[in-house]
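Dropping the structure in here first, questions after.
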Amino acid sequence: MIGLHHYLVVSAVLFALGMFAIITRKNGVAILMGIELVLNAANLNFVAFSRYVWGGLTGQVFAIFVIMLAAAEAAVMLAIVIAVYDRFQSIDVDRVDSLKG
Amino acid sequence: MPVITDNIASLGYATPELVLAGFFLFILLADLVFTRNRGQMACTLAILGLAMTLLVTLRLYPAGERLLFAKMMAIDPFALFFKIFFVGSTAVIVLLSPATAYIPRTRQGEYYAFLLAITLGMSLLASAADLVMIVLALEMVSVTSYLLAGFMKEQAASAEAALKYAIYGAVATGTMVYGMSLLYGITGTTNLYEMPQAIARGGAAPLALFVAVLLVLVGFGYKIAAVPFHMWAPDVYEGAPTPVTALLSVGPKAAGFAVLIRFFYAALAVPAGPGRWNPVADIDWPLLVAVISAVTMTVGNLIAINQSNLKRLLAYSAIAHAGYILMGFVLLNGQGLYAMLFYLIVYAFMNLGAFLVVIALAGPLRSEELKDYAGLASRTAFPAVAMAVFLFSLTGIPPLAGFVGKFYLFAALIEAGRAWLWLAVVGVLNSVISLYYYARIVKAMFLEKGPSGRLTVASAHQVLIAALLIPTVLLGIYWAPVARFTDYSLRLLGPLAR
């Protein structure tokens, strides 16, 4: 029987994998994918808590808003990645380091 | 506290947001339709929009304290205080922009539209009373900030600033949303004002609650640029167009404090008498924030010492000031909150003023480096004197406004008893450190020899500098009206009443 705990474990693993990708990846787009994993971990939590513990639609609606927000953020971030590629001929975040101090 | 569930009836209390949204769309549209003098027109429309927003915000004061849109938003003197604050700081940025060369002529319409959009986001954030609204408003501010930071995308530094900002911002938001999902799981509600009862009723595990709060704090800490979530700030402040930097160091930072106060004092504290609170479920978040505050000001000030770029130096100074303001946050009493809000007003005047001088001189001087400020006082006297006043005010030297602001913060800490004395000591030591690097700029301007040749500063900038200089000096001598306004603004909803 699959219960709340299974979902929470999967979501925690997703969160950890997302953070791992953000920390280890050098490619700007790959970092964006890590961020999506973190946001979806939160969504899974919201829906699982809503389904198994609290009922109602609050958690489900929150998840829908977060999905929308992730799309908006991805659109802006991809535009920024393109602007960076135009200037640096690379989306490797280690090479984009003209600002230091 | 009255709750308005009907959406149409709620709209009557969300007029500042409606006006801002309307003008945002109108500027974008007008920019497409008209072809001549587009930049000038967009600027005029933005000023008009901000003036109307201020007007409708002031008209909301008789409405008292209410929850709108089925408890999604709160309208109270606390929220209105921040709405006026945001309109004022954005207005300064809009007014100083036409006389600068940062924004490409063809994209001025979008620039002013985005300035209104970020103001809209900040206004929503100051009113947010539900986790959903906090996430949406915070993202509205963040995404618009990424775009504004990268607005000069033809320059490598600006594009790089936008990328770094976006990555740090998105990670902070993701962590915060994950924390909120845990908070929802623990309490079963997303409404801030229902949370204390839900926590008390549910008998939540303190450790789970603490982890959730810690994750949410990442999102807010990033917005106010508190250590250790400050790494983005120096690079973004240096790379972004300077008018945008000036706005980022005041507006979104204050918005972060607004949501921080409402979140912690409404959801994670229970009133213990008039103007006093206790942390809910005995979670020691005040100590956690106190440590963040002490580390933030120390790191900000120590790194600022070595900076040679003025924007970067002011970025670290802005980080340090977030630490000072957080000192009032940990006290769990009305006096601490009062000192925070008062300091935010003073900080807005002196910090915008310092950035304004940098912006005004960037044109004639063609530099934002400290070494090029040598001998500035003999080349153009007024901006140099004004800069000295702003910097001494940031240090907190009497009789300037910054002194009064810091005095309230330290007084609140010392009156709160021995427990927070260490934080006051850290704060005072930090003020001494900050004097070193602020005075270094003044020394370069007045005592060092530089190239000769007079510099002329745009008259629009001179007027604006004077407009920020007067309150910076005046508030150090006579601050009773502002003090009364701040006191009145602290009447937050229900349990937060002072």
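Please treat every number below as a calculation from the coordinates, not as lab data. No experiment lies behind these values; they were computed from the predicted model shown. Positions of Cβ are generated from backbone atoms using ideal geometry, with glycine treated the same way; all protein chains shown enter the neighbour counts.
Find, among the trypsin sites (Lys or Arg not before Pro) in segment B:443-480, those assigned to loop by DSSP (not H, G, I, E, B) with at most 14 other beta-carbon atoms within 10 angstrom.
B:Lys449, B:Arg454
Let me ask something else. Which value results when the Cα radius of gyration for segment B:92-162 is divided by 2.2 N^0.38 Å?
In units of the 2.2 N^0.38 Å rule of thumb, it is 1.23.
With each label point set 7 Å from Cα along the Cα-Cβ vector, what nm distance links A:Val9 and B:Asp487?
The answer from the label model is 5.9 nm.
Under the rule of -39500 (n - 2.57) per DSSP H run of 4 or more residues, summed and divided by the residues of the protein assembly as shown, what mean residue ellipticity at 222 nm is obtained, to the nearest 500 deg cm²/dmol?
When only DSSP H runs of four or more count, the value is -24000 deg cm²/dmol.
Sticking with this structure for a sec: Report the equivalent ellipsoid semi-axes for chain B in whole Å, largest first, defined as the square roots of five times the eigenvalues of the gyration tensor built from alpha carbon atoms.
35, 27, 20
Output the Cα-based Rg and Dmax of segment B:263-322 in Å, rounding Rg to one decimal and Dmax to a whole number.
In Å, with Rg to one decimal and Dmax whole: 16.4, 49.
What ratio of Cα Rg to 2.2 N^0.38 Å holds for segment A:4-88?
Segment A:4-88 yields a ratio of 1.27.
Determine Rg/Rh for segment B:289-328; Rg is computed over alpha-carbon atoms and Rh is the Kirkwood hydrodynamic estimate from the same atoms.
Result: Rg/Rh = 1.02.
Per residue of A:60-67, count partner chain C-beta atoms within 10 Å of its C-beta, then hand back the mean as an integer. Walk me through the numbers before you get to the answer.
On the way: counts 0, 2, 9, 2, 1, 7, 9, 0.
Taking the mean over all residues of the peptide, I get 4.
Return a whole-number percent for the relative contact order of segment A:4-88, with Cα pairs under 8 Å and 6 or more residues apart as the contact set.
Across segment A:4-88, relative contact order equals 27 percent.
Still on this structure, I have one more. Over chain B, what is the relative contact order in whole percent, taking alpha-carbon pairs under 8 Å and six or more residues apart?
Answer for chain B is 15 percent.
Then there is this: Let me know the shape class of segment B:408-467, please: from the alpha-carbon gyration tensor, a ≥ b ≥ c as square roots of the eigenvalues, rounded when a/c is under 1.5, otherwise prolate if a/b is greater than b/c, or oblate.
oblate
Specify, per residue and in Å³, the volume enclosed by the convex hull of the alpha carbon atoms belonging to the protein assembly as shown. All intermediate terms of the calculation are to be shown ahead of the outcome.
Working: hull volume 86.5 nm³, N = 599.
Looking at the protein assembly as shown, the number lands at 144 Å³ per residue.
Average the reciprocal distances over every distinct pair of alpha-carbons in segment B:184-238, invert the result, and give the Kirkwood radius in Å.
Here the Kirkwood hydrodynamic radius works out to 12.9 Å.
Return the equivalent ellipsoid semi-axes of segment B:284-498 as a descending list in whole Å, where each equals the square root of 5 times an eigenvalue of the C-alpha gyration tensor.
Three semi-axes, in Å: 33, 19, 13.
Then there is this: Counting only trypsin sites (Lys or Arg not before Pro) that are in a DSSP loop and have at most 15 other C-beta atoms within 10 Å, tell me the longest site-free stretch of chain A.
A:27-94
Nearest 10 degrees, 0 to 90: what angle lies between the long axis of helix B:242-262 and the longest principal axis of chain B (Cα atoms)?
In chain B, helix B:242-262 runs at an angle near 20 degrees to the longest axis.
Additional query: Taking the radius of gyration and the Kirkwood hydrodynamic radius from Cα positions alone, what is the Rg/Rh ratio for segment B:242-366, to two decimal places?
1.06
OK, next. Sum up the lysine pairs in segment B:284-498 that clear both bars: alpha-carbon distance under 20 Å and a spacing of 8 or more or different chains.
Taking the Cα cut-off of 20 Å, the pair count is 4.
Within 10 Å of each Cβ of B:145-156, how many other protein chain Cβ atoms are there on average?
Partner-chain Cβ atoms within 10 Å, mean over residues of B:145-156: 3.
Shielding by partners for B:228-236, please: the mean number of other protein chain Cβ atoms within 10 Å of each residue's Cβ. Could the numbers behind the result be given before it?
Values: counts 0, 0, 0, 0, 0, 0, 3, 5, 1.
So the per-residue partner count for this stretch is 1.
How big is the gap, in Å, between the Cα center of segment B:319-357 and the Cα center of segment A:1-46?
For segment B:319-357 versus segment A:1-46, the Cα centre distance is 36 Å.
Just want to confirm a number: the relative contact order over segment B:284-498, from Cα pairs under 8 angstrom separated by 6+ residues, in percent.
28
Can you work out D for segment B:153-306 in µm² s⁻¹ from Stokes-Einstein, where Rh is the Kirkwood radius over C-alpha pairs, the temperature is 25 °C and the viscosity is 0.890 mPa s?
Rounded to a whole number, D works out at 145 µm²/s.
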